[in-house]
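The values are calculated or read from the model by the stated rules, or taken from the named source; none is laboratory data. This one's a predicted model, so the numbers in the text were calculated from it and none came from an experiment. Quick reminder, even Gly has a Cβ in these numbers, built from the backbone with ideal geometry, and neighbours come from all protein chains shown.
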Amino acid sequence: MTDPHLSPAAASRLKARHAAERRFRLYGQLAILVALGFLAVLLARVVHQGYSTFWTHSVTLSVYLDPARIDRSDLEGNNFDYLAAGDLLKRLEVNDDALGLASGEAMDLVSRDIGFALLDRIKADPRVIGTTLTLTVPVKANADLYYKGQIRRETPAEDRKLSNRQIDWLDQMKREGLVKGHFNSGFFTRSDSTEPEQAGVLGAVVGSALMLLVAALIAVPTGVLAAVWLEEFAPKGRLSSFIEVNINNLAAVPSIVYGLLGLVLFINWLGFPRSAPLTGGMVLALMSLPTIIIATRASLKSVPPSIREAALGMGASRTQTVFHHVLPQAMPGVMTGVILALAHALGETAPLLMIGMVAFTPGLPETLQSAASVLPVQIFIWENAAEAAFHERTAGAIMVLLAFMIVMNTAAVILRSRFEKRW
Amino acid sequence: MPTPLAIAALLVVSLAVYALGRRRVGRLSEGQSLHSLPGYYGLWIALWTGAPAALVLLLLMAGGPRLESALLTANPPAVVAAMPSETAQAFWSDAKALADGQSTTRIAWSPDERKVLKEKAAEAAALESRIQLGGQAAALVLVLAGFLLAWPRLAPQLRARNRVEGWIGVLLALCSAAAVLTTIGIIASLLYESLRFFHSVPPLDFLFGLDWQPQIAMREDQVAAKGAFGAVPLFVGTFLVMIIAMCVAAPVGLFCAIYLSEYAGPRTRSVIKPMLEILAGVPTVVYGFFAALTVGPALRGFFNYIGSWLVQGPFDPLGQYLMAVQNEMALTAGVVMGIMLIPYISSLSDDIINAVPQSLRDGSYAMGATRSETVKRVILPAALPGVMGAMLLAVSRAIGETMIVTMASGAQARITANPLDSVSTVTFQMVQLLTGDQEFDSPKTLAAFGLGLTLFLVTLTLNVIALQVVQRYRQAYD
């Protein structure tokens with residue numbers, strides 16, 4: 001500050017002002033940094049906790065179906081897990097004790113899948129009794145966690161879910177090549193289960209897709225047509241401004257209130273099934289209706305009047321003008337709004353809790369009216385589960401959900417940048 | 001025939017009628033000109049044929065199950081009448097499940113009851129088919145009547161386009177009415193159930209009671225224990241979490257908006273804005289997961305560490321307290337909710353700051369003001385009403401937010417202003433009350449609707465004020 005026209009006092013004032021300017025700018029940068037930092041930490045935590053879900057371990061066992069130990073009259077009553085555990089012990093060269101404690105502990109290392117698989121094979125062809133079957137099934141969740149290093153030998157034995165002996169066995173199984181790590185395809189081909197190693201997201205993904213389909217089928221036509229009426233046909237007056245205020249307020253109503261509406265209106269008054277994709281889809285449709293209307297109106301508004309005037313001048317009626325010219329021009333904007341609204345609906349949880357979606361639902365939903373699970377609620381349920389193995393699955397399911405959201409949002413961004421016209 | 005199949009059949013019939021009408025008017029027009037394009041004649045007659053019947057079928061689909069259960073339960077047999085209401089409900093749902101061939105509940109009915117159950121299941125199946133048949137017969141009559149009445153009027157001079165456009169206008173107006181109907185539905189359902197709740201718990205006890213303990217089991221004959229449904233602790237908890245959230249979100253969100261609109265160049269903007277949009281698009285259940293498994297333990301670890309440092313010093317009691325802090329504190333839910341609100345506040349404020357006319361900025365710069373002075377002395381005062389509106393909208397969202405508090409805050413309702421205590425919120429309690437066992441008539445479940453109504457009214461008031469403010473502000477500069 002050696003400017004000759006500046007008095008020393010003014011120079012110091014200017015210095016202070018410029019310092020204030022730099023500080024202010026810094027606050028802004030800090031705010032951005034904080035927001036993006038939160039986003040980074042959030043995503044990093046989810047990935048860090050969830051990536052291990054996509055890798056799992058399976059064990060291959062050859063089970064001798066001893067005719068002496070299988071009761072043919074009551075196949076379902078047989079304990080096939082116990083048979084399999086016997087084979088595992090034999091492989092490990094351990095003799096079972098009188099109480100069967102060793103078999104019990106061995107049984108706790110292999111998924112109960114093996115019992116069901118054996119039962120299915122015998123039901124399909126009873127002649128397999130007396131032969132030896134070789135099967136590959138997942139290891140139990142705790143064993144999987146040990147292989148992934150989340151349960152450690154160093155932890156005092158009473159604080160971990162596996163005994164010293166079980167850990168020795170697991171090491172031995174790994175050494176002898178009984179256990180192999182592989183991509184966890186079961187996570188994508190199975191539905192919810194009480195056993196973590198048998199739980200997957202397929203049921204929830206299908207449920208979410210069905211629900212979104214119902215919501216889209218109801219909300220998109222209704223919302224777009226309502227917006228067309230409000231923007232192009234409605235007489236400007238008290239009624240239309242009342243509807244407009246109404247829609248703006250509906251867009252800001254907490255989502256849980258829509259859940260209460262669904263519970264009372266659809267389930268109690270109209271007798272719709274609880275926890276079904278149909279009911280959930282209708283609730284989500286009501287919820288995304290105002291957002292779709294607002295987005296559609298904005299994009300109709302951006303179509304210049306000259307388009308309308310040209311069509312009207314050529315002798316088209318008002319309806320023809322709107323449906324043949326204005327709406328097609330506005331379509332990219334409408335689609336962007338619709339996709340964003342549906343992406344939001346896909347991640348919505350609270351209203352679905354209100355209509356009974358928390359119920360445990362193994363298997364795939366058969367119809368629109370049968371009980372189903374959906375992805376965000378599945379995340380909520382798993383997050384509450386006690387078993388540690390469900391925690392990685394929660395994060396895994398979140399990654400699946402976020403992947404869907406990213407796909408939808410990217411589609412919206414592409415639509416917007418590719419097709420939207422600037423007039 | 002199941003109703004969806006009937007609707008599909010109706011669609012096929014309408015299409016056929018469309019083709020028929022189009023062809024017919026083409027034949028009639030020999031030599032003279034048509035008033036409208038031929039397609040409009042087809043549409044006109046197809047609408048008369050299909051639309052009324054479609055309405056009936058849709059009503060049948062929405063109201064059929066309800067009508068069936070009303071007729072079925074109208075005259076309960078003596079065995080069922082003697083049951084307590086929950087068991088009777090299970091009985092009826094089992095009867096229906098049996099009729100539909102679905103799995104029943106696992107209640108072991110006595111042989112007597114089993115017999116009645118089978119009878120009722122048969123009755124339900126019969127009723128269902130009768131209702132379906134009746135509705136579809138009515139639809140068929142309407143199809144025939146519509147077609148027969150409209151067919152003779154099909155003539156070249158018929159103003160078919162105007163008629164069809166009239167139908168379209170009605171359809172569009174009905175779609176807009178759906179939005180109003182949703183509001184009416186929300187208010188009606190909340191009011192109806194809340195009134196039932198306020199029947200057993202006086203509204204004043206609910207609004208001003210200081211004790212919230214709905215878990216206390218209540219016998220059917222017992223009047224609601226006085227004071228068990230006082231919602232003040234929940235209001236205080238909600239308010240506390242909201243204040244913490246706004247303390248995080250308001251400055252960060254506002255500064256983000258200021259930086260983006262006044263400082264950042266177009267390239268920085270085009271990178272940062274989509275990232276903030278990602279943050280806005282993260283589902284709330286993911287925020288809840290983040291709060292419960294990351295932020296909660298981290299904050300607890302931090303406070304426990306400080307506590308262990310203070311313990312046995314001059315601040316021993318404080319240290320002891322900090323050592324005992326739990327994951328489920330108000331601070332956890334508040335901070336994470338604040339993170340969720342940052343992009344919301346930022347994008348709303350960004351729009352508002354951008355709406356401040358450039359001439360105000362230019363005037364300020366011309367006077368030699370620096371950028372920060374312009375922002376502080378000119379832009380923010382001009383944008384203040386709009387920014388306040390944005391903040392109010394954020395407050396309303398914070399109050400109504402459910403998943404974060406459900407996953408990260410405690411179940412114990414208490415009156416406290418300490419962010420390290422566990423508090424419970426209105427939305428958390430609504431989830432608690434409605435996801436447990438469902439006995440629909442107990443005050444315990446109905447209390448959720450009392451809370452829902454309060455929540456709805458408070459957020460509605462905030463939204464109306466905020467939207468008014470924002471709108472008036474926009475008009476001022478447009």
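Condition check ((1) among the acidic types (Asp, Glu); (2) surrounded by 12 or more Cβ atoms within 10 Å (Cβ to Cβ); (3) in contact (Cβ under 8 Å) with a residue 12 or more places away in the chain; (4) within 11 Å of another protein chain (Cβ to nearest Cβ)) across all residues:
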| position | (1), (2), (3), (4) |
| --- | --- |
| A:His5 | no, no, no, no |
| A:Tyr27 | no, yes, no, yes |
| A:Val34 | no, yes, no, yes |
| A:Leu42 | no, yes, no, yes |
| A:Thr53 | no, yes, yes, no |
Exercise for the section: Scan region B:439-455 and give yes if some residue there is among the aromatic types (Phe, Trp, Tyr) and either farther than 28 Å from B:Phe197 by Cα or surrounded by fewer than 19 Cβ atoms within 10 Å (Cβ to Cβ) (or both), otherwise no. Expected result: yes
Fill in the blank from the handout: The residue that is farthest from the other protein chains (Cβ to nearest Cβ), considering only those in region A:306-336 that are part of a helix (DSSP H, G or I) and of a type in the set (Ser, Thr, Tyr), is A:Ser306
Exercise for the section: Scan region B:373-389 and give yes if some residue there is of a type in the set (D, E, K, R) and surrounded by 24 or more Cβ atoms within 10 Å (Cβ to Cβ), otherwise no. Expected result: no
Fill in the blank from the handout: The residue from A:Gly223, A:Gly186, A:Gly207, A:Gly200 that alone is in contact with a Lys or Arg (Cβ under 6 Å, 6 or more places away or on another chain), surrounded by 16 or more Cβ atoms within 10 Å (Cβ to Cβ) and of a type in the set (Gly, Ala, Ser) is A:Gly200
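Table: residues versus (1) more than 30 Å from B:Lys273 (Cα to Cα); (2) free of Cβ contacts under 8 Å to residues at least 40 places away in the same chain; (3) within 23 Å of the chain's Cα centre (by Cα); (4) within 12 Å of chain B (Cβ to nearest Cβ).
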position: A:Pro304; (1), (2), (3), (4): no, no, no, no
position: A:Val338; (1), (2), (3), (4): no, no, yes, no
position: A:Ala341; (1), (2), (3), (4): no, no, yes, yes
position: A:Ile381; (1), (2), (3), (4): yes, no, yes, yes
position: A:Ala397; (1), (2), (3), (4): no, no, yes, yes
position: A:Leu402; (1), (2), (3), (4): no, no, yes, yes
Exercise for the section: Would you mind stating whether B:Thr402 is within 14 Å of chain A (Cβ to nearest Cβ) and either closer than 21 Å to B:Pro214 by Cβ or touching a strand residue (DSSP E or B) at 6+ places or on another chain (Cβ under 9 Å) (or both)? Expected result: yes
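Restricting attention to region B:245-260, which residues are surrounded by fewer than 20 Cβ atoms within 10 Å (Cβ to Cβ) and either under 17 Å from B:Ile353 (Cα atoms) or at the interface with chain A (Cβ under 7 Å from one of its Cβ atoms) (or both)?
B:Pro251, the sole residue that qualifies.
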Exercise for the section: Go through (1) in contact with a Ser or Thr (Cβ under 7 Å, 6 or more places away or on another chain); (2) in a helix (DSSP H, G or I); (3) farther than 27 Å from A:Ala386 by Cβ and name the single condition A:Thr136 misses. Expected result: (2)
Problem - Some residue of region A:357-370 being in contact with a Ser or Thr (Cβ under 6 Å, 6 or more places away or on another chain) and more than 17 Å from A:Asp192 (Cβ to Cβ) - result: no
Problem - Count - residues of region A:102-123 that are touching a strand residue (DSSP E or B) at 6+ places or on another chain (Cβ under 7 Å), crowded, with 19+ Cβ neighbours inside 10 Å and in a helix (DSSP H, G or I) - result: 3
Exercise for the section: Scan region B:405-425 and give yes if some residue there is within 30 Å of B:Gly265 (Cα to Cα), modelled with pLDDT of 90 or more and either of a type outside the set (Asp, Glu) or in contact with a strand residue (DSSP E or B) (Cβ under 6 Å, 6 or more places away or on another chain) (or both), otherwise no. Expected result: no
Fill in the blank from the handout: The condition from (1) farther than 29 Å from A:Ala226 by Cα; (2) at pLDDT 90 or above; (3) within 14 Å of chain A (Cβ to nearest Cβ) that B:Leu148 misses is numbered (3)
Exercise for the section: Please enumerate the residues belonging to region A:357-414 that are over 18 Å from A:Gly186 (Cβ atoms) and touching a Lys or Arg at 6+ places or on another chain (Cβ under 7 Å). Expected result: none
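Kindly indicate whether B:Val25 is at pLDDT 80 or above and either closer than 21 Å to B:Glu119 by Cβ or aliphatic (A, V, I, L, M) (or both).
Considered against the rule, which asks whether it is at pLDDT 80 or above and either closer than 21 Å to B:Glu119 by Cβ or aliphatic (A, V, I, L, M) (or both), B:Val25 comes out as yes.
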Practice task
Go through (1) modelled with pLDDT under 80; (2) part of a helix (DSSP H, G or I); (3) β-branched (Val, Ile, Thr); (4) in contact with a helix residue (DSSP H, G or I) (Cβ under 7 Å, 6 or more places away or on another chain) one by one and return the number of the condition B:Val56 breaks.
Solution key: (1)
Practice task
Taking the residues in region A:249-290 that are of a type outside the set (A, V, I, L, M, F, W, C) and more than 10 Å from every other protein chain (Cβ to nearest Cβ) as candidates, determine which candidate is nearest to B:Leu393 (Cα to Cα).
Solution key: A:Ser288
Exercise for the section: Would you tally the residues in region B:369-415 being touching a residue at least 40 places away in the same chain (Cβ under 8 Å) and farther than 30 Å from A:Arg17 by Cβ? Expected result: 23
Problem - Matching option when the condition is out of contact with any Ser or Thr (no Cβ under 6 Å at 6 or more places or on another chain) and either among the aliphatic types (A, V, I, L, M) or within 14 Å of chain A (Cβ to nearest Cβ) (or both), among B:Ala160, B:Ala139 - result: B:Ala139
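Does A:Ala226 satisfy being without any contact (Cβ under 8 Å) to a residue 24 or more places away in the chain and at the interface with chain B (Cβ under 9 Å from one of its Cβ atoms)? Even if it seems obvious, please write down each step before you answer.
Details: without any contact (Cβ under 8 Å) to a residue 24 or more places away in the chain: no; at the interface with chain B (Cβ under 9 Å from one of its Cβ atoms): yes.
Considered against the rule, which asks whether it is without any contact (Cβ under 8 Å) to a residue 24 or more places away in the chain and at the interface with chain B (Cβ under 9 Å from one of its Cβ atoms), A:Ala226 comes out as no.
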Completion exercise
Conditions (1) within 22 Å of B:Ala188 (Cα to Cα); (2) at pLDDT 90 or above -> B:Thr445 fails only (2)
Fill in the blank from the handout: By residue number, the members of region A:139-154 that are under 28 Å from the mean Cα position of the chain (by Cα) and not in a strand (DSSP E or B) are A:Lys140, A:Ala141, A:Asn142, A:Ala143, A:Asp144, A:Leu145, A:Tyr146, A:Tyr147, A:Lys148, A:Gly149, A:Gln150, A:Ile151
Exercise for the section: Check every one of the helices (runs of 4 or more DSSP H) wholly within region B:282-362 and list those with 1 or more residues that are small (Gly, Ala, Ser) and surrounded by 23 or more Cβ atoms within 10 Å (Cβ to Cβ). Expected result: B:284-290, B:296-310, B:330-354
Handout entry: Selection count, region A:124-166, where residues are under 28 Å from A:Ile70 (Cα atoms), crowded, with 21+ Cβ neighbours inside 10 Å and touching a Pro at 6+ places or on another chain (Cβ under 8 Å)
Key = 1
Practice task
With the checklist (1) surrounded by fewer than 15 Cβ atoms within 10 Å (Cβ to Cβ); (2) at pLDDT below 85 in hand, flag the one item A:Leu65 doesn't pass.
Solution key: (1)
Handout entry: Filter pass, B:Glu68 being acidic (Asp, Glu) and crowded, with 18+ Cβ neighbours inside 10 Å
Key = yes
Problem - Which listed residue is farther than 30 Å from B:Arg163 by Cα, modelled with pLDDT of 90 or more and in contact with a helix residue (DSSP H, G or I) (Cβ under 9 Å, 6 or more places away or on another chain), from A:Leu364, A:Leu415, A:Leu327, A:Leu340 - result: A:Leu340
